[in-house]
Amino acid sequence: MTENERKTSLLRPSLLVSGVTLLSRLLGILRVRLEASVLGGGELASAWFLAFAIPNLFRRLLGEGALGTALIPLIAGIEQEKGKENMRRELAVVFTALSILLAVIVVAVGAGSIGLRYFSRCYGITFFCTPRMDMALQLLPLLMPYAFFMCLVGVATAVLNYVKVFVLPACGALLLNIFLISGLTFGYLHGVGIDNLPSFLPVLSILVLVSGLTQLILTLLLLFFYGYFPKLDFDVFKKSDVLAKLWQLSLPGVIAASVLQVSFLVDRMLAVKLNSQAVPALTFVDRLVDLPIGLFAVSLGSVLMASMARAAAKNDFAQLKDELEFSLRHVYFVCIPMAAAVIVFHVPLLRVLCLGGNYTESDLEAARSVAIFYSAGIPLFCSLKILLPAFYARKEMRKPLIASVTAICLNIVLNLILMGPLKQGGIALATTISSLVNNAILFCFLRQDKVMPDMKVLLYSALRGIVIAFSVMFILSKIYALFEEALIANRWIYALSVIILLMFAGVFYLAAAWICRSPECAELFSVVKKRTNRKS
């Protein structure tokens, strides 16, 4: 395999996963549309998003986060040294220990929320007696088992990614959106309003649980099909050191992720204190911003982690460095125009995605500054998904921890400073600035470790993308402004016009990049061409 073929081989599975993720994100957009219409942008929407944030905290921490990331290089070493069967026995130890830990967490958090709700009602604690906090505490015991299911799914998915099974596990992510869309559609068609939302939110919680359980069952079946299902052996439990090794590898990442998730919760709690519209504004825009992150950066990062782990196991750091540079170039190439599109067209996007039903013009206005500041950070959020595997693949967990903790502490300080004058927009701006600092620190550490990509190449690629993307978006915005007032009268025509606008933006960006001889265009085209040749 030539150097170019090896590099573009990273894109092929990434693009396949991105295709599945695109479908998931399109369903996610429909889900956002329904959530906005049914839940609105006020008190009860805040309750739902705040309660759902808790199980998602543990999912990101123990499922998709450092634990799954640390597991990949660990099982790679075990299989290489001891063989596949021993590796399956060690996996059984990991799954059993994680299941016990998760069960304790689910029971503790559920019982704690019930106790806190009772205590706050008895003693009249103002903050927890607000409708949004009271409803969030009521929903939390119902939603917490979702964390149990999804953390196990995340670890199982890490194993499947190690054996180069990427697409099928990604399909499981469709289930949550499918179940929630079904429930929200039922609510929308039956005219669920603000008055009867309190009785409707528990129904959505049950649908979340069913989606998590279904995804866990399907993921375990995939492990069985590919021959990597954990093999229970009680003798291994007595002498296995896999938990100690996994703890040693993942502890810095778990600490960093826990600080990050606590920071995320602090953001939401501060937003709750601001006003009833702040949490929905942050959440809906976060879903919009999450589209490019999940669509390309997470997909490429998953593929990259497995490839880098193999390169690090062979001490081939030149390959690791090349793959890092290649992946960052493509992340900038794809994510910068997405950021430019949201910055320039955030109002039409929010109108199409959210406005209507129980979501008002006032709710949309509250989300505008959030959209601008969050979207500016899209390339920074995405590049972190590429930079971190360069450390984790080498079992270097301490330096990402330092970078994360520094950035998170900065984020909290900036929140307190900026939320006064900018309200929820200040929280979004603080997140973007702290992500910039996180990126800068990680690049400095890569330079120390002598696996630094060529910064001149990366800077040139990023600047070229910025100039091309904003030039295209600026021209299209001037043209679109001529017709927007006529289009806005009809909701469906307006939505269609925004979709067509974004399609033109993508085509014009690719055409301009091709004219400017961006190498990423040729590399992406070569992947598509090879897949077309294979089909024919």
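The values are calculated or read from the model by the stated rules, or taken from the named source; none is laboratory data. All values derive from a computational prediction rather than experimental measurement. Neighbour counts run over all protein chains shown; Cβ positions are idealised from the backbone, glycine included. Ligands, DNA and RNA are excluded from the accessible area calculation, which covers all protein heavy atoms including side chains. Shrake-Rupley method; radii C 1.70, N 1.55, O 1.52, S 1.80 Å.
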Qualifying trypsin sites (Lys or Arg not before Pro) in the stretch 442-495, DSSP loop, other Cβ atoms within 10 Å at most 11: Lys450
Rounded FRET efficiency, nearest 0.05, which uses the C-beta distance separating Val266 from Tyr188 and R0 of 35 Å: 0.60
Val347-Ile114 pseudo-label distance in nm [points 7 Å out on the Cα-to-Cβ vector]: 5.0 nm
Stretch gain in nm, segment Asn490-Ser199, where the contour uses 0.36 nm per residue and the Cα spacing is subtracted: 101.5 nm
Given charges at beta-carbon only (K, R positive; D, E negative), |dipole| of the stretch 390-463 in Debye: 160 debye
Candidate residues Ile343, Ile181, Ile466: accessible-area rank, largest first, probe 1.4 Å: Ile466, Ile343, Ile181
Spacing of the two label points (7 Å from each Cα toward its C-beta) at Arg368 and Phe474, in nm: 2.2 nm
Within the accessible area of the stretch 356-427 (1.4 Å probe), percent carbon and sulfur: 66 percent
Note, ³J(HN,Hα) from phi for the stretch 203-215, Karplus 6.51, -1.76, 1.60, rounded to Hz, x at Gly and Pro: 5, 4, 4, 5, 5, 4, 4, 4, 5, x, 5, 4, 5
Residue-span extension gain [Asp449 to Val107] - 0.36 nm each, minus C-alpha spacing: 118.8 nm
Exposure of Leu209 as accessible area (Å², to 10), given a probe of 1.4 Å and all protein chains: 40 Å²
Gain in span if fully extended, Ala481 to Ile515, counting 0.36 nm per residue against the direct Cα distance: 9.6 nm
Accessible surface, 1.4 Å probe, highest first, among residues Lys231, Lys423: Lys423, Lys231
Asn315-Leu243 FRET efficiency (beta carbon distance; Förster radius 35 Å; 0.05 resolution): 0.85
Cα-centre dipole for the stretch 419-520 with unit charges at Cβ (Lys and Arg positive, Asp and Glu negative), debye to 20: 180 debye
